[in-house]
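Participant: This is the structure, below, for whatever I ask next.
The values are calculated or read from the model by the stated rules, or taken from the named source; none is laboratory data. Quantities reported herein were computed from a predicted structural model and do not represent experimental measurements. Neighbour counts run over all protein chains shown; Cβ positions are idealised from the backbone, glycine included.
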Amino acid sequence: MAQREVFVFAHLPQGWAPAGRLSITQERDVQASSFAYGTRYIERPDAFEIDPVSLSLADIAHVRGAALFPANQLTQFGGIRDAAPDAWGRRVIEAQRRVPANSLTEADYLLGAGSDRVGALDVRESLTSPVQAGATPIQSLPYMLEAAERIEHGLPIPATLADVFGSAPGAGGARPKASVRDDTGLLWLAKFPAAGDTFDVAWAECCTLKLAQRCGLSVPQVKVQDIGGKSVLLIRRFDRYWQAPGTVLDTGTAVHTTLPSSGLVEQRLPFVSGLTLVACDEFESRLKSYADLAQAVRDHAHPSLIRNNTEELFARMVFNIFVSNDDDHLRNHGFVRDPRLPGWRLSPLYDVVPRPSVAFERQLHLQVGTQGKLATLDNAMSAYSAFTPQRPTAIAIIRRIWGELRQWRTAFEHMGATNAGMGRLIDQLAPALRDIDAICSPALQAEIRKPDSERTPTHA
């Protein structure tokens, strides 16, 4: 059993600062972790917690000079685990180093993810280690697509393509992807086609996220770029924002929508996944529910945002039921730390792709309500009180989402007007986008359809 020490850095308004020392004990898998905050770091007024559950800075006296351990007897800190490369990022690191799959230590993967990883953390070998290469220019997308195809098929990457990915992506699962910068300096996540795709996933995800935005959900900017006849999805990285040094952003501005311009500097938003806030590991994720996420919001989100965030969670659950998105596991729910509050808030929506199915009865990954994972509106309403105390509020959210999704075909045609294959894609996705009759009892439908003038206010 080997023990390894590495250093965690935090990106603050003035730049990178060492936050503390991470110790990892590993045999085949990680057996244990400990973390000690740097004394100078915790005294900084702009310091943020590396992990809001296990490494809180609410009581500085408690953490000063102490070796801290993950909550719930976990072997890793969720906040640091979120800064590690995802399944695809690990394949990239292995391909660059020309080593077999899963042959490196967790410390090696953490170190190999690069300084442009998701969130505002970096992991380095020593306190004097330099910043690693960042995202590749967007003009490199054709080369990245070629390298991604070779990595996915287990083929060696030519030396000319070995470093085309720059740093490995930090979140998003096993799909081929990379971070790229456009000509203005904006950072984007590029998601490439995968070998097993049965439909154009880039256009499907792009249109679905835009549809979610029309339903009132928070969504990052998305677009599709054609690279040699193949669709590549570009999602603006919502963990980055632009600000003039020494200034405070307007509270009415969505941080992730700020744009580069003269005199502005790119800053980073700390990020943690739902897996971290619920304080569990991957194997426990299937046992968790949207209500567990809502409780995590109440426990860790900024008090001013709890109502908004829990209602948005309910809306996302309802949206996933309508579009048959069963990839809604805890890693696909995120939280960012808003520097203006300061405090944690639900991140914009990501990784939402409809899954066509012929089954009438469908399930989500997370538990929905009293009927478990069953993807119905009645099941969602059975747990509405975990998100809002007022039933009419939950009904209004369902009505709002249903009102937009009824016109999903027209919306997809409009959003994908430049895609010659949109008609075929709509036909392929049709089994995923559900009519209300298939997911809702007649009694609940009547409540949802009832005109506002006929509704009786209630707090039940």
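Participant: Test Asp351 against the stated conditions and say whether it is on the phi > 0 side of the Ramachandran plot and within 18 Å of the chain's Cα centre (by Cα). It would help to see each step written out before you state the result.
Facilitator: Numbers: on the phi > 0 side of the Ramachandran plot: yes; within 18 Å of the chain's Cα centre (by Cα): yes.
Judged against the criteria, Asp351 is a match.
Participant: When the residues of segment 422-441 are filtered to those that are more than 26 Å from the chain's Cα centre (by Cα) and within 17 Å of Leu374 (Cα to Cα), which remaining residue is surrounded by the fewest Cβ atoms within 10 Å (Cβ to Cβ)?
Facilitator: Asp437
Participant: Could you please find all residues in segment 206-221 being in a loop (DSSP other than H, G, I, E, B), under 19 Å from Arg400 (Cβ atoms) and not β-branched (Val, Ile, Thr)?
Facilitator: Cys215, Gly216, Leu217, Ser218
Participant: Here is a follow-up. For the condition of a type outside the set (Lys, Arg), farther than 30 Å from His414 by Cβ and in contact with a helix residue (DSSP H, G or I) (Cβ under 7 Å, 6 or more places away or on another chain), what is the one hit in Thr251, Thr208, Thr276, Thr247?
Facilitator: Thr276
Participant: Please tell me if Leu145 is more than 28 Å from His256 (Cβ to Cβ), surrounded by 13 or more Cβ atoms within 10 Å (Cβ to Cβ) and in contact with a Phe, Trp or Tyr (Cβ under 9 Å, 6 or more places away or on another chain).
Facilitator: When the stated conditions are applied, Leu145 does not pass them.
Participant: Would you point out which residue out of Val272, Val224, Val248 is assigned to a strand (DSSP E or B), among the β-branched types (Val, Ile, Thr), touching a residue at least 12 places away in the same chain (Cβ under 8 Å) and surrounded by fewer than 22 Cβ atoms within 10 Å (Cβ to Cβ)? Even if it seems obvious, please write down each step before you answer.
Facilitator: Working: Val272 fails: surrounded by fewer than 22 Cβ atoms within 10 Å (Cβ to Cβ); Val248 fails: assigned to a strand (DSSP E or B).
Being assigned to a strand (DSSP E or B), among the β-branched types (Val, Ile, Thr), touching a residue at least 12 places away in the same chain (Cβ under 8 Å) and surrounded by fewer than 22 Cβ atoms within 10 Å (Cβ to Cβ) holds for just one of Val272, Val224, Val248, which is Val224.
Participant: Moving on to the next point. Could you check segment 182-201 and list, in sequence order, the residues that are within 30 Å of Glu311 (Cβ to Cβ) and either assigned to a helix (DSSP H, G or I) or of a type in the set (D, E, K, R) (or both)?
Facilitator: Lys191, Val201
Participant: Out of Val297, Val358, report the one residue that is out of contact with any strand residue (DSSP E or B) (no Cβ under 8 Å at 6 or more places or on another chain) and among the aliphatic types (A, V, I, L, M).
Facilitator: Just one listed residue meets the conditions, Val358.
Participant: On the basis of being within 23 Å of Asp86 (Cβ to Cβ) and within 15 Å of the chain's Cα centre (by Cα), does Arg240 make the cut?
Facilitator: Spelling it out, Arg240 is indeed within 23 Å of Asp86 (Cβ to Cβ) and within 15 Å of the chain's Cα centre (by Cα).
Participant: Where residues in segment 148-171 are part of a loop (DSSP other than H, G, I, E, B) and crowded, with 20+ Cβ neighbours inside 10 Å, which of them is modelled with the highest pLDDT?
Facilitator: Checking each candidate, the answer is Val164.
Condition check ((1) β-branched (Val, Ile, Thr); (2) outside any helix (DSSP H, G or I); (3) at pLDDT below 95) across all residues:
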position: Arg409; (1), (2), (3): no, no, no
position: Phe412; (1), (2), (3): no, no, no
position: Pro431; (1), (2), (3): no, yes, no
position: Arg434; (1), (2), (3): no, yes, no
position: Leu444; (1), (2), (3): no, no, no
position: Thr456; (1), (2), (3): yes, yes, yes
position: His459; (1), (2), (3): no, yes, yes
